[in-house]
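Derivation of every value follows stated rules applied to the coordinates shown; laboratory data play no part. In this text, all values refer to a predicted model and were calculated from it rather than measured experimentally. So basically every Cβ, Gly included, is an ideal-geometry build from the backbone, and we count neighbours across all protein chains shown.
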4 protein chains.
Amino acid sequence: MIDAHRLVGVFPPVPTPFNENGAIYKDGFKQNFEFWNQHDLSGYLVLGSNGEAVLLDSREKTTLFEVARRNIPENKLMLIGTGCQSTKETIELTNGGASIGADAAVVLSPFYYKGLMKQEVLVKHFHAVADAATIPIIIYNMPACTGMDLSAETVAAIADHENIIGIKDSGGNMVKMQAINTLVKKPFSILAGSGSFLLPGLAVGASGGILALSNIAPQFCCRLYSLFRNGEISAATSLQNRLTPLNSAITSRWGVPALKAAMEMMGLYGGPVREPLLSFEESLKPTLKQIIDKALNIHAN
Amino acid sequence: MIDAHRLVGVFPPVPTPFNENGAIYKDGFKQNFEFWNQHDLSGYLVLGSNGEAVLLDSREKTTLFEVARRNIPENKLMLIGTGCQSTKETIELTNGGASIGADAAVVLSPFYYKGLMKQEVLVKHFHAVADAATIPIIIYNMPACTGMDLSAETVAAIADHENIIGIKDSGGNMVKMQAINTLVKKPFSILAGSGSFLLPGLAVGASGGILALSNIAPQFCCRLYSLFRNGEISAATSLQNRLTPLNSAITSRWGVPALKAAMEMMGLYGGPVREPLLSFEESLKPTLKQIIDKALNIHAN
Amino acid sequence: MIDAHRLVGVFPPVPTPFNENGAIYKDGFKQNFEFWNQHDLSGYLVLGSNGEAVLLDSREKTTLFEVARRNIPENKLMLIGTGCQSTKETIELTNGGASIGADAAVVLSPFYYKGLMKQEVLVKHFHAVADAATIPIIIYNMPACTGMDLSAETVAAIADHENIIGIKDSGGNMVKMQAINTLVKKPFSILAGSGSFLLPGLAVGASGGILALSNIAPQFCCRLYSLFRNGEISAATSLQNRLTPLNSAITSRWGVPALKAAMEMMGLYGGPVREPLLSFEESLKPTLKQIIDKALNIHAN
Amino acid sequence: MIDAHRLVGVFPPVPTPFNENGAIYKDGFKQNFEFWNQHDLSGYLVLGSNGEAVLLDSREKTTLFEVARRNIPENKLMLIGTGCQSTKETIELTNGGASIGADAAVVLSPFYYKGLMKQEVLVKHFHAVADAATIPIIIYNMPACTGMDLSAETVAAIADHENIIGIKDSGGNMVKMQAINTLVKKPFSILAGSGSFLLPGLAVGASGGILALSNIAPQFCCRLYSLFRNGEISAATSLQNRLTPLNSAITSRWGVPALKAAMEMMGLYGGPVREPLLSFEESLKPTLKQIIDKALNIHAN
């Protein structure tokens, strides 16, 4: 069983590859892992928001976990996204993935009945999942999708369970990250949920990040991480400022369709998105290409 | 096939009855319909937000539709909630329900990738569903749960399809309801999505409502509707003001757990909610009872 | 001293007329009052948000009150906007206006330190103003400008003072209006703060409205009010739906610059706005004219 | 005339001292400057949000500038807050302060008519101020008070004027700070607007901060700044995490009343706040004292 100390460094939240018929395309997934595995990544998140998790059925999720497991080497972690609206379904998906060999589950807060998601309700949900789960649990706070932002106090109350080892926080609130750091009294890892604030996140105590950007530019994300670790802050600031426009383009600005288009541009398998998502607009591709080039063609740096 | 003119009057969004083991309790459902069918309701919505739709799996949804179909008489409409994040799954659930005998589907806007839900994306999604569906489609706007509020312009663009006949709008924005009325150039019904604004909704052109309150107080909701239709505005204003605290209690304030507790208090089958929702707190039951009594014991009015 | 029962019907929040040099233009103000006074308006609000109050200095405010007083006949109320961030300044402006002959003051909630504006703070502020004021006080809730929305509970707590007689609520939340109605246990008038929700506001218990639209179309606003009072709801619904696009145009969509442009189009004195506001764009004037024509040329109705 | 390169390091936004009668207390101000001047602060902001600027009249503002000028040594900058809702008033206050000897003006975006504050309007306002001003202008973005958050694109468009040299950004959005850095193509300083995100702000390219915390703990703020500059990131992270609860207490949590109470606890002159603000609650003072002690009694670090 892994613990919080393993949650360090850079993890890509891998996209789910579909073929032209909309089915999961295992060979595309394998091809991508062959690229990713060459880099100094700490592991992978399968079925995060970038993995179109909410658009898959449970059989497809199982298939995806199995294919991922075959392609992830032992020295890298396999994290799986398993948060559903219902507690029961979350537990089933978590333990299904655990039996396939996942190392930990990243559990999105339930959010549909957001008016009712008081701290007590969330704590009971996460603790029920953590009690039943056969692998460790990582909290997933994703306000841009859930429309709900976990407070530091709620995170700390949820974290008070031996089987809950960290949080992926995609909110981007540095004050909250510090408050979580201060309020949680045990080993507990904070992973920045976006490449747009990896460096400031590290500066306030995050131990790494789960970054869409690391799907297409793992070497740059790993370099940013190591510049920080080595105290080369000025270079880190430059690199962070340079990468952010690209990370924003494939997340908050244009989302998964742009991420998949960028993967194609980088020679990886991208493929179609699932409806209602629409393929990245042809007319925007030159702009995306420019953003990629500007961010990644860093000769002098 | 029904058209917009049938979407008038009061529809309860029926709760899903579970037994003590958490399974769907068909007899409880039947018992509730026996009560509801005695009143002047125009029909029912099965698997709305009050029906805990997001907490059910697809087999349970089918079961629920079948039981509802057996208990809804021919002269009342059976509306079904079928909106999922994925277009494909929404179509499958809609046509599955249609084959069981549903009259129309109430389709929640997809919302997880809210940053990407531009008008074009939503129009394509709803039109794909409306094209494939064998029954008419009603748009469902539910900002309190989705964290996303459809604009009047987007609703009008979506409405421009012959198989889309109305909207359930739970946003409570009277200016938007008027804008929808003005922008949609065809027969199209607006149903108020909450008993807390049925009367003002009717005043700006809604044709009825899908009201949690009508689960426990169908006669009062129908009376409010007919007072308005008869131009007895002063009495309608009084009644609306009297009912709103109760409707708020079982929706925005305390939600489905309170609705189910209130059903028990009214002699209907309520039963447990599904986790992560928690049963209505015992200590609050006297308060809820008082709110019910104050709203419904209207002797002089 | 007026009481809550006088706060019924339609009140225009009059714009402040500037000449081409940016100074207050008394003759323009007089000319507008000559038009307004011919209609069945209940009174006027001088220095509301439409009066560019926050852009005037205190000497200008006094001048404006004096000119208004000379032009408002005895049978119509003169309401004045006097809410400032500081309690002391609010009191001084209120009593300055009272000494000029104003009938009541409409006091915007202080809002700059919105994080600190807890109910206790707001109650103390409004009660201090109401204690010191020599005329009655009307609460002004204007979330679109203040970024802060008074809760019904806070309004009820503030209202618990004999010198506070009503509220201008520009929030447009019909459920809140009802809650205020229910929670305030004394004669207390709710005035709809926008012509876009006058009818639904009346339907839930408002007694009238302070409506930008009534500056340019007093007869239509008064007619909408009387249709409602006479129970002619179907005609009222039509008229409300017809007027709303115009009211929205001169408020939420394009604001004071459009209101002043529309006044010019109607033969009233409009004149320039004060910077940072910019004059209504020439290129949009034909669109505004069309919106006016569509709303007001109601031959068949 | 100063330029962007002077906007580095730590600046306290000094509170306005009132005596028990509510008048400006010059001796208290002088006493505080005697303390502050002993530390390595880069200068002061007089009449920021912490200076209760919106609660003062124009004569009081002038007095305050004069007293500050006499107490600020030549080697430290005197920044003054001069943003008003009206362009004209902003210019007058800016040049009035300039004639007293201020070095630069921090201009809050106008915000009352927030629906109308499009980029074009804001650019014209800021450029009109910058054209007329006899000292350089610093943009002030303060969403928590204004209810309006300047986009990076708007900041870059405003910044395109030779007399605009920087921004105080109190929003706390690290991605926006980077975007400003990237979009502005000239020397331009970003000052973190809160001690709760000084370190992450520096990590993404800010050059310093205007920090409420530096009123009571200038040495700790200056130390955090220099730890970062020296690449001692691990120590900086610890110190930032330690100081944030105190900075939050005197800003977002309890605001100016707590700041003044904390000043008293530190032996500085605090004094009363102006209404509607209420003095810090006696019952909370022990909690505030604990927060101070925990943050500042850093023996081993």
Would you be able to say whether some residue in the stretch A:177-190 is under 21 Å from the mean Cα position of the chain (by Cα), over 18 Å from B:L278 (Cα atoms) and either within 14 Å of chain B (Cβ to nearest Cβ) or among the β-branched types (V, I, T) (or both)?
yes
Output for the stretch B:98-111, where each listed residue is of a type outside the set (A, V, I, L, M, F, W, C) and either in contact (Cβ under 8 Å) with a residue 40 or more places away in the chain or surrounded by fewer than 24 Cβ atoms within 10 Å (Cβ to Cβ) (or both)
B:S99, B:G101, B:D103, B:S109
Taking the conditions exactly as written (on the phi > 0 side of the Ramachandran plot and of a type outside the set (K, R)), does D:G147 satisfy them or not?
yes
Quick one: which residue in A:T63, A:T90 is in contact with a Ser or Thr (Cβ under 8 Å, 6 or more places away or on another chain), of a type in the set (S, T, N, Q) and without any contact (Cβ under 8 Å) to a residue 40 or more places away in the chain?
A:T90
Quick one: how many residues across the stretch D:36-75 are among the hydroxyl-bearing types (S, T, Y) and either surrounded by fewer than 21 Cβ atoms within 10 Å (Cβ to Cβ) or on the phi > 0 side of the Ramachandran plot (or both)?
3
Being within 13 Å of chain C (Cβ to nearest Cβ), under 26 Å from D:V121 (Cα atoms) and polar (S, T, N, Q) is the filter; apply it to the stretch D:38-92 and report the residue that is nearest to the chain's Cα centre (by Cα).
D:S49
Suppose we filter C:L284, C:L227 for residues that are in contact (Cβ under 8 Å) with a residue 24 or more places away in the chain and of a type outside the set (S, T, Y); which single one remains?
C:L284
Could you go through the stretch A:270-284 and let me know if any residue there is closer than 27 Å to D:A235 by Cβ and surrounded by 15 or more Cβ atoms within 10 Å (Cβ to Cβ).
no
Identify the single condition in (1) under 24 Å from C:L199 (Cβ atoms); (2) within 14 Å of chain A (Cβ to nearest Cβ); (3) surrounded by fewer than 20 Cβ atoms within 10 Å (Cβ to Cβ) that B:A128 does not satisfy, given that it satisfies every other one.
(1)
Criterion first (under 30 Å from A:V204 (Cα atoms), surrounded by fewer than 24 Cβ atoms within 10 Å (Cβ to Cβ) and more than 14 Å from chain C (Cβ to nearest Cβ)) does D:A144 satisfy it?
no
Per the filter on the stretch B:19-35, residues among the hydrophobic types (A, V, I, L, M, F, W, C) and exposed (fewer than 15 other Cβ atoms within 10 Å of the Cβ) are B:A23
Check the stretch C:103-118 and report whether any residue there is within 12 Å of chain D (Cβ to nearest Cβ) and either of a type in the set (K, R) or out of contact with any helix residue (DSSP H, G or I) (no Cβ under 9 Å at 6 or more places or on another chain) (or both).
yes
State all residues of the stretch B:165-176 that are more than 17 Å from the chain's Cα centre (by Cα) and more than 7 Å from every other protein chain (Cβ to nearest Cβ); if no residue qualifies, say none.
B:K176
What helices (runs of 4 or more DSSP H), lying completely within the stretch B:1-100, carry at least 1 residues that are closer than 19 Å to B:G195 by Cβ?
B:26-36
Selection status of A:S189, touching a residue at least 12 places away in the same chain (Cβ under 8 Å), closer than 23 Å to A:Y225 by Cβ, in contact with a Pro (Cβ under 8 Å, 6 or more places away or on another chain) and not hydrophobic (A, V, I, L, M, F, W, C):
no
Screening C:A235, C:A249, C:A262 for residues that are away from every other protein chain (no Cβ under 14 Å), assigned to a helix (DSSP H, G or I) and either aliphatic (A, V, I, L, M) or more than 21 Å from the chain's Cα centre (by Cα) (or both) leaves only C:A262
